[in-house]
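I have placed the structure first, in the form of structure tokens, so that the comments after it can refer back to it.
The values are calculated or read from the model by the stated rules, or taken from the named source; none is laboratory data. Everything quoted here is computed from the prediction, not taken from an experiment. Cβ coordinates were reconstructed from backbone atoms using ideal geometry, including for glycine residues, and neighbour counts include every protein chain displayed.
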Amino acid sequence: AAARPLRSDLAGLRVAVSTGGTREPIDPVRFLGNRSSGRQGAALAVSAAERGAAVTLVAAHVDDGVLDDALSHPGVALVRVSSAADLHAAMTDAAASADVVAMVAAVADFRVAEVSQGKLRKEDGVPELRLVPNPDILADLAASRGSGPARQTVVGFAAETASDDDELLERGRRKAARKGADLLVVNRVDWDRGFEAVENRVLILAADGTLVADAAGTKRAVADAVWDAVVASRP
Ligand code: CTP
Ligand code: CA
């Protein structure tokens, strides 16, 4: 790996990071899921730990290989979750004592209203799944934190499909305003861009929509840029 300058600018801070993709059960053997690999959140956790933070990494369905570096760093405590409801509970718990919260996980926007206790069978016909909205965990964490000089920093991530950077920025600005987070990290995704990719490019927006950074490179480089923006944003 390339030599990195030694920094301990997150020393003494407690950080909670969510990563991966939630699964919403349909029946005992099926779920609604998404393509998030958990790599960006894992990189964020490792970067924070190397910069001195005590990290809780809440991971939803992340392959063990993706978590290798996080698991071997003594500064990272791993909590595994499955559904959005699990992730909500785990992040609320971790956020209670965190200085910085980063929601990197791809959280299912909807869950199945009535989970079938038995396996759905073809002989019962084509199922009609009724969906209900999940709570917005990021907005909830941003709204329920305390105020004051030691105010918690809340970071959101947004994967957007957009035809160009202007549209990406416009969508990001609207989402930043809606979420109430201090920073929103926006990246462009497509069928073949963003998810499993090792390289990444992101725009980091402040709550008021100001562009504070435009970072590209590995997910680790993006993670470092996010922590730089967090450090710069804290009083
Ligand atoms: N998020 C969350 N809880 C949800 C949905 C999303 O905490 N129920 C968080 C994600 O972890 C991410 C941010 O909100 O940090 C943005 O997620 P995104 O899916 O881009 O935004 P949504 O508000 O769900 O809007 P949409 O999917 O319609 O673009
Ligand atoms: Ca969403």
Seminar exercise, completed: The condition from (1) farther than 27 Å from Ala150 by Cβ; (2) basic (Lys, Arg); (3) buried (at least 22 other Cβ atoms within 10 Å of the Cβ) that Arg30 misses is numbered (3)
Problem set entry | Residue ID - surrounded by the fewest Cβ atoms within 10 Å (Cβ to Cβ), chosen from residues in the stretch 149-158 that are within 16 Å of ligand 1 (Cβ to nearest atom) and touching a residue at least 60 places away in the same chain (Cβ under 8 Å) | Thr153
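Would you kindly identify the strands (runs of 3 or more DSSP E) lying entirely within the stretch 4-50 that contain at least 1 residues that are without any contact (Cβ under 8 Å) to a residue 40 or more places away in the chain and touching a Lys or Arg at 6+ places or on another chain (Cβ under 6 Å)? Step through it out loud before you land on a result.
Details: elements: 14-20, 24-27, 30-32.
In the stretch 4-50, the matching strands (runs of 3 or more DSSP E) lie at 30-32.
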Exercise. Looking at (1) part of a helix (DSSP H, G or I); (2) free of Cβ contacts under 8 Å to residues at least 12 places away in the same chain, which is the only condition Val126 fails?
Worked result: (1)
Exercise. Condition test on Ala106, is it in contact (Cβ under 8 Å) with a residue 40 or more places away in the chain, within 8 Å of ligand 1 (Cβ to nearest atom) and farther than 18 Å from Gly21 by Cβ?
Worked result: no
Problem set entry | Boolean, Gly146 is at pLDDT 95 or above, loosely packed, with under 14 Cβ neighbours inside 10 Å and not hydroxyl-bearing (Ser, Thr, Tyr) | no
For this session: Only residues that are over 18 Å from Asp214 (Cβ atoms) and surrounded by 17 or more Cβ atoms within 10 Å (Cβ to Cβ): list them for the stretch 166-180, please.
Result: Lys179, Gly180
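Listed here are the residues, each with its yes/no results for (1) of a type in the set (A, V, I, L, M, F, W, C); (2) touching a Lys or Arg at 6+ places or on another chain (Cβ under 8 Å); (3) within 16 Å of ligand 2 (Cβ to nearest atom).
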site: Ala142; (1), (2), (3): yes, yes, yes
site: Gly146; (1), (2), (3): no, no, no
site: Gly156; (1), (2), (3): no, yes, yes
site: Asp164; (1), (2), (3): no, no, no
site: Glu167; (1), (2), (3): no, no, no
site: Arg173; (1), (2), (3): no, no, no
site: Asp182; (1), (2), (3): no, no, no
Exercise. Quick check: is even one residue across the stretch 66-75 in contact (Cβ under 8 Å) with a residue 24 or more places away in the chain and within 13 Å of ligand 1 (Cβ to nearest atom)?
Worked result: no
Problem set entry | Asp228 crowded, with 19+ Cβ neighbours inside 10 Å, acidic (Asp, Glu) and at pLDDT 95 or above | no
